[in-house]
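The values are calculated or read from the model by the stated rules, or taken from the named source; none is laboratory data. On a predicted model such as this, the values are computed, not experimentally measured, just so you know. Every residue, glycine among them, receives a Cβ derived from its backbone with ideal geometry; neighbour counts consider all protein chains shown. The protein model used for the area step is the full one, side chains on, heavy atoms only, and it has no ligands, DNA or RNA in it. Shrake-Rupley method; radii C 1.70, N 1.55, O 1.52, S 1.80 Å.
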Amino acid sequence: MSADRPARFRGSGAPQAIEQVGLFGGYVEGAEDVGWREVLTVFDGWSGAAPWHLNLCLEENETGAGPRRLARVRLGEAGGGKQNIDMLPVLGCIREAWRGLVVMLGGLEPGDREEVWHFLRELGAPVLADCTSGLREALGALVLVDGDRILRERPPGHVLRIGQVPVGRFWRDLEEMPEVNVVSISRTGYSGLARGSALVTGDISRCVRALGEIRRVGDSMDYLRLSKGRRGRVDELLGALPESEPGMVRTLSVLATVGSSLYLGNSLPVREWNDFAQREVPYELVRANRGANGIDGQISAWLGATADEEDAWAVVGDLTAMYDLAAPALLGQVECRGRMLCVINNGGGRIFDRLPQVRALDAGTAALVANRHGHGFRDWAAMWGMDYVRVAGMEDFDIVPGGKTTLVEVVPDQRQTELFWEKF
Ligand SMILES: Cc1ncc(C[n+]2csc(CCOP(=O)(O)OP(=O)(O)O)c2C)c(N)n1
C-alpha cells in the first residue's frame, strides 16, 4: 500500500509528488489508484499468489472514517486467467520415468506440503528438495544429497518441478540441457527457465490430487545409490573439518531446530543450508528471500515477517547484514523472546569465490569483487542493544536464546573452508 498526494498533483513537480500509479509494473497482479473516501471495493479478483498494489491518495490532514466495505479476498486461488491445470505433461513424464525422472521441489506453501508429501512417497522418484519446501527433512531416503552434482554428471530424461523456482545449481544447468524435458507445477505461473518447458499453473494441492492414483516409478537411474555415497562423504568431511563454513552451518542447523522459524538471507547461506544442514528434524517454517532485491533489506524483511514470533532464527552473510545495518532500529517494535540473528562473517561475499569466472581473476581483482573486509559485528550489536556471542570455534557454540535478540557472529576458519571445498 503506498500513500500518495492527491491526484491533481500529478505531473506538477510539486514537492514530494512523484508518479506512483503503476510503479510496480508487471510485478503486481493488480494495481488500484484510489482516494481515501472512494475505497469501497478493492482487491477485486486478487488471487493472493502475487502482490497487489493499492495507491492511496490523501489530502493534507485527511481524517475521519475510511473505507467501510472491502471485497472479500480469497487468497490461495491461482491467478485469474492464468490457470492451466491440464495435467497431461505431468502424466507424460511419469509414464516415461524409465528414462529417469527426478522431482525438484522449490518453496511450498505450508498448506500444500502434506498433499505433496503423500504424492512423492507414492511416486518413489528421487527428490532434490529446497529447504523452503518444508519437506527436505521429511522425505527421508528419497531426498538426494549433493544432487546438483549427481544430476549434472548424469542428467535425467525428465524433471518434474513442484512449487517455487528451485535455488540449486542444477536448475540453472537445465538452461543448457534442452534434451531434458522439464514440467513445472506452479502457483504463480513462472516457468523459471528461459528455454522451453511445460507449465501447469494452479493450486498445487488441487493439481496433485487431480493426478489421481499414481504408480510407483522408483529410481531407474540409480541416483539414490550415488546419493548414499555422497552423503557418507559429506558427513565425513563435515566431521573432519567442523570449523569450515559448511561445518559451522551444520552445527548451526542442529541448534536452530529449537527455533519456531528459520529465515535464510541471500547468497551462500541458502545454498549451504540446502547441502549441509541436518536432515533428521524438520523445521517448522523456513523462509528465504532470494528475490530480485538481492541482499538488500534482508534483516528488515525477517523482522517484519516474524514481528510477533518467539524463537525466530535467521542466518545471513556478513555483506547482507552490512546492507541492512539500520534494520535493528525496528527491534523496539518487534522484540520477541529467543530471537537469534546469526551472521556468518567470512570477510566478504564468498559466494563469488565459488564462481569459476572469479577464480580466474587475479587475487586483487577477486578481492574487490568479493568486497573483502576485516570488520566485526560486536559494536553493531552494542549499538542496537542486542546480546552478542562470537563463535570462532566449536567450543564457542554454547549459544542460548535469551529474553531479547542475540546476535551470533559466526567466524569460520578460512583454511578449513578451503580444504573442505578442495576435497568436496
Ligand atoms: C542489492 C544487491 N547488490 C548486490 C548483489 C550481488 N551479490 C550477490 S551475493 C553477494 C555477496 C553476499 O555476501 P555475504 O552476505 O557476505 O554472503 P556470502 O556470499 O559470504 O555467503 C552480492 C554482493 C545482490 N544480490 N543484491
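Once backbone amide H atoms are built at 1.01 Å from N, Tyr388 has Leu407 as its partners under 5 Å, excluding neighbours fewer than 5 places away on the same chain. Dipole magnitude for region 174-285: computed about the Cα centre from +1 point charges on Lys and Arg Cβ and -1 point charges on Asp and Glu Cβ, it is near 400 debye. For Asp4, the amide hydrogen comes within under 5 Å of the amide hydrogens of Leu56, Cys57, Leu58, counting only partners 5 or more places away or on other chains and with H modelled in the peptide plane. Less than 5 angstrom separates the built amide H of His53 from those of Glu29, Gly30, Ala31, Glu32, all sequence-distant by 5 or more or on a different chain. For region 139-172, the residues whose backbone nitrogen is under 18 Å from a point 7 Å from the Cα of Arg195, taken along Cα to Cβ, are 148-162, 165-172. Taking θ as phi - 60° and the Karplus parameters 6.51, -1.76 and 1.60, the scalar couplings of region 142-159 work out to 6, 8, 6, 9, 6, x, 4, 6, 4, 6, 5, 5, 9, x, x, x, 9, 10 Hz in sequence order, x denoting glycine and proline. With a/c under 1.5 counting as rounded, go ahead and sort the chain into rounded, prolate or oblate using the C-alpha gyration tensor (a ≥ b ≥ c being the square roots of the eigenvalues; past the cut-off, prolate if a/b is larger than b/c, else oblate). Cα axes put the chain in the oblate bin.
Classify region 4-44 from the C-alpha gyration tensor, please: rounded if a/c falls under 1.5, else prolate or oblate depending on whether a/b exceeds b/c.
Here region 4-44 falls in the oblate category.
The residue among Phe24, Gly232, Ala327 whose Cα reaches farthest toward the positive pole of the charge dipole of the chain, with charges on the beta-carbon of Lys, Arg, Asp and Glu, is Gly232.
Normalised by the number of residues in the chain, what is the relative contact order in percent for Cα pairs under 8 Å and 6+ residues apart? List each step's numbers first, then the result.
Details: 801 pairs, mean separation 51.1, N = 424.
Across the chain, relative contact order equals 12 percent.
To the nearest Å, what is the center-to-center distance of region 8-64 and region 363-410, using C-alpha atoms only? Cα centres, region 8-64 to region 363-410: 40 Å. Surface composition of the chain: carbon and sulfur atoms hold 52% of the protein heavy-atom accessible area at a 1.4 Å probe.
Our coupling estimate for region 22-28, obtained by passing each phi through the Karplus curve with A = 6.51, B = -1.76, C = 1.60 and θ = phi - 60°, is x, 4, 9, x, x, 7, 10 Hz, Gly and Pro reported as x. These residues, Val315, Val400, go from largest to smallest accessible area, 1.4 Å probe, as Val400, Val315.
Rounded to the nearest 500, the 222 nm mean residue ellipticity of the chain from helices alone is -7500 deg cm²/dmol, with -39,500 (n - 2.57) taken per DSSP H run of at least 4 residues.
Evaluate E = 1/(1 + (r/R0)^6) for Lys423 and Arg231, where r is the Cβ-Cβ distance and R0 equals 22 Å; express this FRET efficiency to the nearest 0.05. Working shown, then result.
Working: r = 15 Å, r/R0 = 0.69.
Calculated value: 0.90.
For region 325-367, trypsin sites (Lys or Arg not before Pro) meeting the loop criterion (DSSP other than H, G, I, E, B) and having at most 15 other Cβ atoms within 10 Å: Arg337.
Taken per residue, the accessible surface of region 108-195 reaches 36 Å², heavy atoms only and a 1.4 Å probe.
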